[in-house]
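Structure first, then comments.
Nothing in this text is a laboratory measurement; each read-out follows from the coordinates by a stated rule. Source: prediction; values computed, not measured. Ideal geometry is used to build each Cβ from the backbone, glycine not excepted, and the neighbour counts take in all protein chains shown.
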Amino acid sequence: MPTSTFNKLSDDKKKLLEKAAIKEFSNYTYDDVSINRIIREIRMPRGSFYLYFENKEDLYLYIMDKYVINYINNLGAFIRQNNGDIILSYEYAFDKVVDYCKNGINAKLVSHFLRGLTHRIDVKTKELNRQKAIEQIFVDINSDYFVDDSKDNLFYVFDLLTNTLIHALIEYLVLEIDINLIKKKYYAQLKIIRKGIYKVDIC
């Protein structure tokens, strides 16, 4: 994540670097991204870049964290629209995210993110600001839908639903599986999560 030196930059300078980085990561897969192209575009000395970020991955994680936070905030809005039903909200989110991945202003960036660095993002961007954003959406979830201690395990539920959504998007964008087959599978998975697979008397 960015250094304290980067955090002291003016908003204009931050946005200049962010814009150049988004362009580069949109046009190239992670392995082909060039820091030299980024800093050349904004006429930044190479030494200055490394005062702000440790390396290419550090910059990428910073950019993608912004998208992750935005996704969480949008999910919160979906939950409020669906009366606190988190699973129904993930059904609603699927079409919205697919549409963005096809037509969004930075659709290529999201596609490249899903293609190459999902596991790194999951491991390295679990920062405090992300946790706070997730906790905020939990306030809007209707606990009446849950059984027993499910409310206490909301972080696990959130990860399970998000990973299910990400996997569906990878199948669509990377593996290019027919969208109708993916939706059928995705909705079936959400139904299983909603109802569980064990008989009540066995549990």
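Would you please give the FRET efficiency between Ile177 and Arg46, computed as 1/(1 + (r/R0)^6) with r the Cβ-Cβ distance and R0 = 30 Å, to the nearest 0.05? With a Förster radius of 30 Å, E is 0.10.
The chymotrypsin sites (Phe, Trp or Tyr not before Pro) of region 1-92 that meet both conditions, a loop assignment by DSSP and at most 15 other Cβ atoms within 10 Å of the site Cβ, are Tyr28. Calculate how steeply helix 107-116 sits against the longest principal axis of the alpha-carbon atoms of the chain, using the helix alpha-carbon long axis, and give the answer as 0 to 90 degrees to the nearest 10. Result, in degrees: 80. Here the spin labels are modelled as points 7 Å beyond Cα on the Cα-Cβ line, and at Asp58 and Asp95 they lie 4.4 nm apart.
Structural descriptor for the chain: relative contact order 23 percent, calculated from alpha carbon pairs under 8 angstrom and at least 6 residues apart. Along the chain, the exposed loop sites are GluC sites (Glu not before Pro) outside DSSP states H, G, I, E and B with at most 14 other Cβ atoms within 10 Å, and the longest stretch free of them is 55-126. Under the combined filter of DSSP loop state and at most 12 neighbouring Cβ atoms within 10 Å, region 3-55 retains these trypsin sites (Lys or Arg not before Pro): Lys8, Arg43.
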